[in-house]
1. Take the residues in segment 10-22 that are exposed (fewer than 12 other Cβ atoms within 10 Å of the Cβ) and under 24 Å from residue 162 (Cβ atoms); name whichever of them is nearest to the chain's Cα centre (by Cα).
2. Across segment 148-180, which residue is surrounded by the most Cβ atoms within 10 Å (Cβ to Cβ) among those that are assigned to a loop (DSSP other than H, G, I, E, B) and under 18 Å from the mean Cα position of the chain (by Cα)?
3. When both residues are 6+ apart or on different chains and their Cβ atoms are under 7 Å apart, which pairs have a first residue that lies in segment 80-92 and is outside the structural domain of residue 29 (by TED's automatic domain parsing) and more than 16 Å from residue 120 (Cα to Cα), and a second that is modelled with pLDDT under 90 and assigned to a loop (DSSP other than H, G, I, E, B)?
4. Which condition does residue 92 not pass, out of (1) at pLDDT 90 or above; (2) over 24 Å from residue 167 (Cα atoms), if it passes all the others?
5. If a residue has to be free of Cβ contacts under 8 Å to residues at least 40 places away in the same chain, part of a helix (DSSP H, G or I) and surrounded by 12 or more Cβ atoms within 10 Å (Cβ to Cβ) to count, how many in segment 23-38 make the cut?
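The values are calculated or read from the model by the stated rules, or taken from the named source; none is laboratory data. Bear in mind the structure is a predicted one, so any value in this text is a computation, not a measurement. Here the Cβ is made from the backbone with ideal geometry for all residues, glycine too, and neighbour counts use every protein chain on show.
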């Protein structure tokens, strides 16, 4: 009698690993577990080779809400958000030729960390963040023009972390903190 071969476990990709690490960091930021547990789970996720090993690192975390990601895209023209708009956990912004204006100073920000992923061609972008926000631009690649962002001299605690990543083609990104 011959036995059926077992199905080989599917290997994980870097995107899967990065998504798992991001979920662990978000769960820690939301206070779902202690720092020691975060260290243990990150170590487990980094060492995972299969989807089942990665899933065990994410065990006991609440399911991700599908409404946490939104995409705004335009081929040309302007993309503009201001006032009391609800900022999703992940905001993907794509524009081939237009300008992007995002004002988060009066927006409803429900998450301790907000990721803004930019995919911009030739248009520039201006992002206004809350006065007490922490801005992280490590994941941003600028092509033609440099980023303009001045870290405030006096930072306030308690604001959201705004992580800006993606690709800027020929436009310039200007980031500023709201005055009030």
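1. Taking segment 10-22 and keeping what is exposed (fewer than 12 other Cβ atoms within 10 Å of the Cβ), we get 10-11, 13-15, 18.
Filter again for under 24 Å from residue 162 (Cβ atoms), leaving 14-15, 18.
Numbers: 14: 16, 15: 13, 18: 11 Å.
Top of the filtered list is 18.
2. If we take residues in segment 148-180 being assigned to a loop (DSSP other than H, G, I, E, B) and under 18 Å from the mean Cα position of the chain (by Cα), then 160 is surrounded by the most Cβ atoms within 10 Å (Cβ to Cβ).
3. 89/111
4. Going through (1) at pLDDT 90 or above; (2) over 24 Å from residue 167 (Cα atoms) one by one, residue 92 breaks only (2).
5. Total meeting the criteria: 5.
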